[in-house]
Every structure is written in C-alpha cells, then in structure tokens.
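Comments concern the structure below.
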Amino acid sequence: MKKRATTKNGAEDQKAAAKMIDERIKELGDWRGKTLAQIRALIKQADPDVVEEWKWENPVWSHSGIICTGESYKNAVKTTFIKGASLPDPSGLFNSSLGGGTRRAIDFHDGEKINEQAFKDLIRSAVALNTARK
C-alpha cells in the first residue's frame, strides 16, 4: 500500500509528511537512515521555513516550489535538485544526473562525509531561485 500525505489542510499535510519521513528514516535503520536524517537537518538549518512533503514515495522539501527530493537506494542516498542545473555548485557537490537539462543530484554513499556548508549553500541557492521566480 502506498503512503500518502493528503489531508484536509496544509498544516495536517506537513505533519503527515513529517511523520512519513520519520518512518522512512526509521525503516532504513542503517547508514542510509542516518544520512537521510542528517540531510533533513541540514535542509532545515539552511531554510527554517522549508515545507516537508511526501511525494513519489519519497521525502520532498519545498519553498515556493520544490527544492529537492530525498531518495534512498541500496548503495546511496540521493538528493535530486529539481532546478539543479541552474544552481551554482562551486564545491562540486553534484555528482549524479549531470547530463540532464534541468535536474542535478548528489549521491551520498556509506562512510562519506557531507560537506555541510556547501550543501546548505545549495539549499539556500535553490530557495533563492524559487522565490525569485514567484
């Protein structure tokens, strides 16, 4: 059965989505859960007004549009930035989906250390891009 975060209002949607993200982190239980939890915390630090959603069976973080998704695979936790091709990436974090015209992604692997400052800078850049277009 598919999990959905569809309720009567936005506040309930956010609570439902947050609960589903909590459940995903717990379900993963290994390095992937820890990595997803760290990514989530960094996103919230970078943008305290971020909206957590649950779409496509994955966590989604938005602010005036989607910032990124958080997907988990056997060998990676991936954050896909919907408008990543339009974002500056001076630290070279993007390492996946590089050939696409719009998206860019970061694959995090077991044992890798996240460049927290560079990741938060990407989040802030994505928010700035989203809000500039509104």
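Annotations for the structure displayed:
- Anchor LYS44: aspartates and glutamates whose Cα lies under 16 Å away (excluding residues fewer than 8 positions away in-chain): ASP22, GLU52, GLU53, GLU116, ASP121
- Kirkwood estimate for the stretch 69-124, i.e. one over the average of 1/r between Cα atoms, Å: 11.5
- The value of relative contact order for the chain, using C-alpha pairs under 8 Å at least six residues apart, is 21 percent.
- By accessible area with a 1.4 Å probe, ligands and nucleic acids excluded, highest first: order of LYS19, LYS113: LYS113, LYS19
- Charge dipole (debye, nearest 20) of the stretch 50-134; +1 at Cβ of Lys and Arg, -1 at Cβ of Asp and Glu: 360
- Of the residues THR102, THR79, THR35, the one that moves most in a GNM of the chain with alpha-carbon contacts below 10 Å is THR102.
- Measure of compaction for the chain (Cα Rg per 2.2 N^0.38 Å): 1.00
- Average Cα contact separation per residue, the stretch 81-131, under 8 Å, 6 or more apart, as relative contact order %: 39
The values are calculated or read from the model by the stated rules, or taken from the named source; none is laboratory data. Remember, predicted model here, so these are calculated numbers, not experimental data. Virtual Cβ from ideal backbone geometry, glycine too; neighbours counted across all protein chains shown. These area figures cover heavy atoms from the full protein model, side chains too; ligands, DNA and RNA do not enter into them. Shrake-Rupley method; radii C 1.70, N 1.55, O 1.52, S 1.80 Å.
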